[in-house]
Amino acid sequence: MTAASPGLVPVFQTNRYYPTHQADVEAIAAAMQPEYKAIVEAGFVLQLVVGRERKGGRQRLLDPDISFKKMRAMAEGAAIASGGCGPDLTDRPFAAGLRGRERRVSTKLEETIMLGRRSLMVAGAAAIAKFGVRNGGLHSIAAEPVRYPDPNVKVLDPRFQPLILGNAAIERIATGCRFNEGPVWFGDGRYLLWSDIPNDRIMKWEEETGAISVFRRPSHYANGNSRDRQGRLVTCEMDTQRLTRTEYDGSITVLAQSFDGKKLTGPNDVVVKSDGSIWFSDNGAGIRGNYLGHKAPQELPFRVYRLDPTTGAMTIAVGDMKRPNGVAFSPDEKLLYVVDTPGPGQRTIQVYDVVDDGTKTANGRLFCTAEPGGSDGFRVDVQGNLWCGWSGGEAEDGVAVYAPDGKMIGRVLLPERCANLCFGGVKRNRLFMAASQSVYSLYVETQGAVGG
């Protein structure tokens, strides 16, 4: 986000943010008026990216410093040529082609723009005018239409049919990340936060404008996120191996980082119960390598912990799993579901009774097996169905939905594996799915359970 151009997303290039190019971004935004304003008002997001060039039969990234200066020169030059009315390069040669549900256009400078269903990625800002922003042509080419009902929403059991809409389609609302996790909805601000773990940042998407920005960087390789019953952000940090809370003033409070004098292995997913207690899995995903955190020795077994909101005391809620991952309660909070992800061939979802006035678990048992695919994070709707982020290849990647009896009743297929999800939107009936490199959404005819 820039002062001169509210809504303009930060600059990304191979998923890296370049704050040193802020002046160029400001100049590009100023030169693009009124086209830029029209893009924002149309509900699109503008993302400037560095393109690639081919030399000797191989592609390589353009130098970011040169590329941004080129984009700035093109935008400012076009604005001057058009009398200050924004860029108009309709005389510049373009080559166009389709790839899936995106339209890809290249200028002779080898800079690229990609148009997704509700997002716009632009390199070479002056190319905007080519698509007729002034005459509303942007809407007409923004996406290949989806014929209702969306064929990627699959009914496997009649119980799934009432939960979906025949006139709603899967939308990609953000892309350009490396590995997304931990989506959490802020209804009071009408925005979504999620973790882009390898890029060490938490991202923000605004529902009203579609604007995307960096909410926090560094995030300490944040993974799962939730909100407590006071509306504060609770985050699992894998690099620092701690659980934190973001206060109203933006300061960070450390909630947990050790147990019995030993360092946690790295909180992974978190949910907050109606009594304010915080339940989180600790499974060492961040200390296995340097991509999602840093290599470090494991000092504790992998567990699910309960954190008392009044005393700050931690207790072991689940201690009999190999590698606990996603956690969620049933709508009445009498059941705790936990995903176990020890590795291929062993992935399951377990369910436990919540006992002793909601402070402990008992009677752990198999809810469902996850093979040949596998779940990571999930949330529960008001009817008690589990909506599970899923991976398993082209025919399974996306979301798998399980009825309370453990039977899979439906799927939402995505072109990427989905790690986690949450419900949001004004009515809590919009499903947000954090897939590998993108975030998707789908309106449904159910609502997320409170606290999920």
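The values are calculated or read from the model by the stated rules, or taken from the named source; none is laboratory data. Just so you know, these numbers come straight off a predicted model, no measurement behind them. Neighbour counts run over all protein chains shown; Cβ positions are idealised from the backbone, glycine included.
When you check Trp205 against the structure, is it closer than 21 Å to Asp376 by Cα, in the same structural domain as Ser226 (by TED's automatic domain parsing) and aromatic (Phe, Trp, Tyr), yes or no? Criteria not met by Trp205.
What tally of residues in the stretch 245-265 results from selecting those that are farther than 15 Å from Thr315 by Cβ and without any contact (Cβ under 8 Å) to a residue 24 or more places away in the chain? Residues in the stretch 245-265 being farther than 15 Å from Thr315 by Cβ and without any contact (Cβ under 8 Å) to a residue 24 or more places away in the chain: 12 in total.
In summary, strands (runs of 3 or more DSSP E) completely within the stretch 217-287 and bearing 2 or more residues that are over 18 Å from Cys422 (Cα atoms) occur at 242-246, 252-256. Could you grab me the full set of residues in the stretch 197-218 that are more than 26 Å from Ala449 (Cβ to Cβ), in contact (Cβ under 8 Å) with a residue 24 or more places away in the chain and out of contact with any Ser or Thr (no Cβ under 6 Å at 6 or more places or on another chain)? Result: Pro198, Asn199, Thr209, Gly210, Ala211, Ile212, Ser213, Val214, Arg217. Somewhere in the stretch 343-353, is a residue crowded, with 23+ Cβ neighbours inside 10 Å and closer than 18 Å to Tyr221 by Cα? No: zero hits. Summed over the stretch 339-348, the residues that are under 16 Å from Gly284 (Cα atoms) and either part of a strand (DSSP E or B) or touching a Leu at 6+ places or on another chain (Cβ under 6 Å) (or both) give a count of 2. Between Gly393, Gly374, the distinction of being in contact with a strand residue (DSSP E or B) (Cβ under 8 Å, 6 or more places away or on another chain) and in the same structural domain as Leu193 (by TED's automatic domain parsing) belongs to Gly374 only. Among the residues of the stretch 288-297, just one is surrounded by fewer than 15 Cβ atoms within 10 Å (Cβ to Cβ) and either in contact (Cβ under 8 Å) with a residue 60 or more places away in the chain or assigned to a helix (DSSP H, G or I) (or both), namely Tyr291.
Within the stretch 175-202, the set of residues being at pLDDT 95 or above, of a type outside the set (D, E, K, R) and in a strand (DSSP E or B) comprises Asn180, Gly182, Pro183, Val184, Trp185, Phe186, Tyr191, Leu192, Leu193, Trp194, Ser195, Ile202.
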